[in-house]
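The values are calculated or read from the model by the stated rules, or taken from the named source; none is laboratory data. As the structure is a computational prediction, the values presented were derived from the model and not from experiment. FYI the Cβ positions are ideal-geometry reconstructions off the backbone, even for glycines, and counts take in every protein chain you see.
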Amino acid sequence: MDNNPSASQANVDAAKKAIDDAMNAIKNKANQTSAQPTDVQSVKDAQGTAVTGKATPGSTVEVKDQDGNVLGTAEADKDGNFTVPVSGDVSGDLHVTAQEPGRKASEAVKAVDKTGLEDSITAGDKLSEDGNVTTDDGTKVPVDPADKEALDKALEAGKAVDNDPSASQANVDAAKKKIDDAMKNIKDKANQTSAQPTNVQAVKDANGTNVTGKATPGSTVEVKDQNGNVVGTAKADENGNFTVPVSGDVSGDLAVTAKEPGKQVSAATPVETPKVDKSALETSIEKGDAVQDATQAEKDALDKALQKGKDVRDNPASTQADVDKAQQDIEDALNRINGKSVAPSDVKVSDNGTTVTGKAAPGAEVVVADKDGNVLGKATADKDGNFEVKLSTPQTNGEKLAVSAKEEGKDPAATTAVAPKVDKSGLQSAIKDGNEVANTSKDDIANLEEALDNGNDVNEKASATQKEVDDAKKAIEDALNRINGKSVAPSGVEVADNGTTVTGKAAPGAEVVVADKDGNVLGKATADKDGNFAVELSTPQTNGEKLAVSAKEADKQPATTTAVAPKVDKSGLNQAIADGKEATQGDNYAQANQADKDALDKALEAGKQVTANPAATQVEVNNAKKAIEDALNRINGKSVAPSGVEVADNGTTVTGKAAPGAEVVVADKDGNVLGKATADKDGNFEVKLSTPQTNGEKLAVSAKEADKQPATTTAVAPKVDKSGLQSAIKNGTEHANKVQDDISALEKALDNGKKVDADASASQAEVDQAQKAIEEAIANTTGKSEAPSGVKVSANGTSLTGKAKPGATVTVTDKAGNKLGTAIVDEDGNFTVTFAEKPQTNGEELVVTAQETGKDAASAAAVAPNVDKANLQAAIDEAKQFQTTDVYANAAQADKDTLAKVLMNGQAVMVDAAASQAEVDAAEQAIRSAMKAIQDKANQSSAAPANVKVSENGSQVTGEATPGATVTVADKNGNVLGTAVADANGNFVVVLTTPQTAGQELAVTAQEAGKKANSTSVVAPKIDKSGLQTAVDAGRDFQATAAYANASQAAKDDLNKALTNGQAVLADTTVSQAEVDAAQQAILEAMKALAGAKDVTDTTTNVQANDNKKATSAENGQKQLPQTGEEKAATGMVGLAAILGAFGLLGATKKRKED
């Protein structure tokens, strides 16, 4: 257009505008910020880590680490999906931006990191599939099915989160934590040892042997014989009782273990099998077999008894009762043959001491006499042998009575019976206590009746609220407590938001005391005439502290409840402030109306003030947080969610707050609308429901403002539970009916007790029954619990067992009153209290208290074991000192490792408060045994080296020693020349620092780890180089002769080479004699070759002549030197002399040597 001379002004202006618009469009876009990526998450697979999500199609997505380094980029596809593979350090937060063409990059979005969740899912799947967990000590323990189910549920939820692209980091972290917690629970349990079986006993009857006892309900109980063979298994029932029928040889001791699901097997509880003593029966059989002289009738009776006795003797299943009966039958038959009456059997004195019964021979006269021979009564056994003797004076003081039977014509036979010992001291004490209780005040009965009347009214009221139900229930329970001498516990207890006061209700006039967890009193107050109290605290409690709030009425025991102080959490507010700040930089904020912007700015400023205020309450914090979130929702086009939503106690209305003018809709879980309303100008709303919701239903309460998306919150309808009230009414009615009767029942029991006390013939059973009746009547009247019995602290001090009333709560405290543990007594009256925090192993005096519902507590005393660790500490100290000695330093590494291991275990046992005396003693013994093993070995000598040789060149010593022994070679002055370690076959090679070639005597020592050294000696070779030196000197002289000069170059080279080698051999301290001789011979051979054939012949003749001379000497019996280097050198010198003489060099060589 600019080049068109005919263009009109309009055309020019239009063209300019088009260009300007295009440039403005580019500039405007350049000032715009790209849309932020969404659904951003980091995931991990076999290829590595990648960041995925959604962004504007065609935009460039960039991932940076927490330090701003770019880790990867990619382009969003046509559907807006992107995947950015990242490299480098991806351990921290990843920040992701998107940049659309022509626009500024978006604000960074933090990627949701799922890699940790995926790692946990992988580990969890492996654990679930394997079904076993490996403990810290390498033991494999099957996973408890219940724990596996919990893990599988956590894995299922975690996988759902992992597959959800919109899952937040909080969702991911929570899912990971659930899986990790489930796995930790499994692993922690696998490292725990199952509880040891208790009350174990072996019982033998006609059907065999059973092992019975108590273990953790559901645990598998296994019984092994003395050889470790499993002879029976069973499961402990829901009450912890077990019965294991055992098979095989159970004549020795048995070991009984329990294994709880998911835990390691317990320590074994030993139990001795019932031993049946057949020695007396065997003696009676031998006596019976020896009888010869008897009537046929007597012999028949004896034979019958003998056969029965032998059957019982040979039967391994016979019980002691079977054996004793068979033996008595044989003895009776023998007595008859020997003219003796049959001694009375099955003799019993009646409980009241007035009669003696038993069996004797039919027609026998039975006489009962005291220890002085005074006859107390007589009777005759009937046709079946039964007798009953009435005594003239009741025997009730444990007297020993002689009961004799005499058959006609036979000598009498006697046995002894013991009369019962009737103890009336308990009865007399009970009478005394009963008289005191009979005068107890009955003023509280009217209060109970009034509470019962009210409770019945509330129970019949269809529209009763949960509060009315709970108040009625509490009134009955309070009345019952008063009857039993207890104060009413404080109720409705609340700690002020600022932690300065505690308010609630108690009995009018009751003193209320608030104390911290250590018992320090923080404040006191007296409940007013309406029962209200407010206790001002000396120190504000604002960190979630647990407070003990007790109330004490006059002449009654105090009752306590627990209150928890507020804990102000500002983390949510801080996050809301951060989110709000970030939002003010975004497009939504820029495009929002001014009112919504102002609302967010104002909420942020208020939030900052609250978070900076240390005295802010949780309500203030929550309100500030909600104000920011509501403002953010408006910026992002969402309505404000309803707040303060409550469903009326009768389930007919839903109230709360929303944005003024918002439409509020309440729907059930299926989306059915139950009611609608519009929030008033103050934001309050009340929605009337078409159907009352009173069964704990979850309701969706949504609010929608004009031109905004709805926002929803959840409300839960009340669930009115009348079961507790109905139970209280039932118990109260029964108690009210009983109370009036309890005093008369006590008086009746007292009257009967006094009669029994005055009755000289009263049996122990009658006395005990009378005593028990009084004690029960007292308990019914005063509410006294049954005291624990049979209390015992475990050997390692971690638990206490005993018996008490089923259902009672048992508490164990130390003598200072500090609680150590509690337990509930099972239906069989057994209990086990575990000391979770601190085992009791120093002989502590413990108080064991049983508390039955609605009754006063009763206590018993127990003493903890005294675990003595002094000897173990001494062993540890000795071991540490031992580790500084030469004996330890020279010990085998394996022995050192053993001592270190047992020493570490001993130190662990020392600091283990739960270690039993057996564990302490075992740790001490292990340390002492490890030291002894090292010391014993140190007193032993190593095996001496064998087959020791020095190499020909004197550079090595070889031989044999114990595998692993250290071999040392030293000269006669003790200087070490080299060391080595014998290999697995016992062979060693010691390379010497200085070759030994002068016939030195060497000491070769072997030392096995931890043992004394042992030595042998060896002599080094003696190497003579004098001949070689002469040959080298002669060769050098020969090089100056005409013969050398006129010789061929090859011959010269041979001599030069031989001389060079000879000089090298002379300088080499590691050569052997053979190498020396070979070097000398090479020089001679080279010189011979230079001398010519004639000279060589002459030389050979001279050498041969020398050899012949030596041979002749040998034949004449002359002593010859062995073939040493000296002899070979001498032989070579003969040839050398001949060569030197041929060239006139003999004198020159000699002169040069002298020079």
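Descriptive notes on the structure:
- Within segment 377-389, the presence of a residue that is out of contact with any strand residue (DSSP E or B) (no Cβ under 6 Å at 6 or more places or on another chain), without any contact (Cβ under 8 Å) to a residue 40 or more places away in the chain and over 30 Å from ALA301 (Cα atoms) is excluded.
- Looking only at segment 163-199, residues that are surrounded by fewer than 21 Cβ atoms within 10 Å (Cβ to Cβ) and over 21 Å from the mean Cα position of the chain (by Cα) come to 13 in all.
- Residues (touching a residue at least 24 places away in the same chain (Cβ under 8 Å) and either of a type outside the set (Gly, Ala, Ser) or loosely packed, with under 14 Cβ neighbours inside 10 Å (or both)) located in segment 975-993: LEU977, ASN987, PHE988, VAL989, VAL990, VAL991, LEU992
- Of the residues making up segment 565-618, just one is at pLDDT 85 or above, closer than 26 Å to VAL502 by Cα and of a type in the set (A, V, I, L, M), namely ALA565.
- For segment 102-123, a residue qualifies if it is of a type outside the set (Lys, Arg) and in a loop (DSSP other than H, G, I, E, B), and the qualifying residues are GLY102, ALA105, SER106, GLU107, ALA108, ALA111.
- Leading residue by the ranking (nearest to SER916 (Cα to Cα)) among those in segment 200-209 that are surrounded by 15 or more Cβ atoms within 10 Å (Cβ to Cβ) and of a type outside the set (Val, Ile, Thr): ALA202
- LYS517 meets each of the listed conditions (1) surrounded by fewer than 18 Cβ atoms within 10 Å (Cβ to Cβ); (2) part of a strand (DSSP E or B) apart from (2).
- VAL847 vs. criteria in a strand (DSSP E or B) and crowded, with 20+ Cβ neighbours inside 10 Å: no
- All positions within segment 877-893 that are free of Cβ contacts under 8 Å to residues at least 40 places away in the same chain and exposed (fewer than 13 other Cβ atoms within 10 Å of the Cβ): ASP877, LYS880, GLN881, THR884, ASP886, ALA889
- Among the candidates THR243, THR283, the residue that is farther than 30 Å from ALA150 by Cβ, assigned to a strand (DSSP E or B) and of a type in the set (S, T, N, Q) is uniquely THR243.
- Residue list for segment 951-966, restricted to those being without any contact (Cβ under 8 Å) to a residue 40 or more places away in the chain and either hydrophobic (A, V, I, L, M, F, W, C) or surrounded by fewer than 16 Cβ atoms within 10 Å (Cβ to Cβ) (or both): PRO963
- For segment 706-719, the criterion of being touching a helix residue (DSSP H, G or I) at 6+ places or on another chain (Cβ under 9 Å), over 30 Å from PRO566 (Cβ atoms) and either in contact (Cβ under 8 Å) with a residue 60 or more places away in the chain or buried (at least 17 other Cβ atoms within 10 Å of the Cβ) (or both) is satisfied by at least one residue.
- As a summary of the residue check, VAL12 satisfies the conditions (1) surrounded by 13 or more Cβ atoms within 10 Å (Cβ to Cβ); (2) part of a loop (DSSP other than H, G, I, E, B) except for the one numbered (2).
- Residue, farthest from ALA864 (Cα to Cα), within segment 802-841, restricted to residues that are in a strand (DSSP E or B) and touching a residue at least 40 places away in the same chain (Cβ under 8 Å): THR809
- Number of the condition not met by LYS704 [criteria: (1) basic (Lys, Arg); (2) modelled with pLDDT under 90; (3) more than 49 Å from the chain's Cα centre (by Cα)]: (2)
- Subset of segment 821-844 [of a type in the set (A, V, I, L, M, F, W, C) and surrounded by fewer than 14 Cβ atoms within 10 Å (Cβ to Cβ)]: ILE824, ALA836
- Any hit, segment 855-868, residues being of a type outside the set (D, E, K, R) and within 30 Å of VAL981 (Cα to Cα): no
- Qualifying residue in segment 645-652 (condition: closer than 26 Å to LEU600 by Cα and touching a Lys or Arg at 6+ places or on another chain (Cβ under 9 Å)): yes
- If you filter segment 103-118 down to residues that are among the charged types (D, E, K, R) and surrounded by fewer than 18 Cβ atoms within 10 Å (Cβ to Cβ), you find that the one that is nearest to THR60 (Cα to Cα) is LYS104.
- Matching strands (runs of 3 or more DSSP E) fully within segment 610-684 where at least 2 residues are surrounded by fewer than 20 Cβ atoms within 10 Å (Cβ to Cβ) and over 47 Å from the mean Cα position of the chain (by Cα): 653-657, 663-667, 673-678
- Selected residue (criterion: nearest to ALA823 (Cα to Cα)) from residues of segment 236-254 that are modelled with pLDDT of 90 or more and under 27 Å from the mean Cα position of the chain (by Cα): GLY240
- Positions within segment 908-950 being surrounded by 19 or more Cβ atoms within 10 Å (Cβ to Cβ), over 30 Å from ALA195 (Cα atoms) and polar (S, T, N, Q), in sequence order: SER942
- Selection count, segment 840-883, where residues are within 30 Å of ILE934 (Cβ to Cβ) and not β-branched (Val, Ile, Thr): 15
- If you go through segment 325-346 and pick out every residue that is touching a residue at least 40 places away in the same chain (Cβ under 8 Å) and surrounded by 13 or more Cβ atoms within 10 Å (Cβ to Cβ), you end up with 15.
- Unmet requirement for ALA123, which otherwise passes all of (1) out of contact with any Lys or Arg (no Cβ under 6 Å at 6 or more places or on another chain); (2) among the hydrophobic types (A, V, I, L, M, F, W, C); (3) surrounded by 16 or more Cβ atoms within 10 Å (Cβ to Cβ); (4) under 24 Å from GLN169 (Cβ atoms): (3)
- Flag for ASP411 being without any contact (Cβ under 8 Å) to a residue 24 or more places away in the chain and either under 28 Å from ASP293 (Cα atoms) or among the charged types (D, E, K, R) (or both): no
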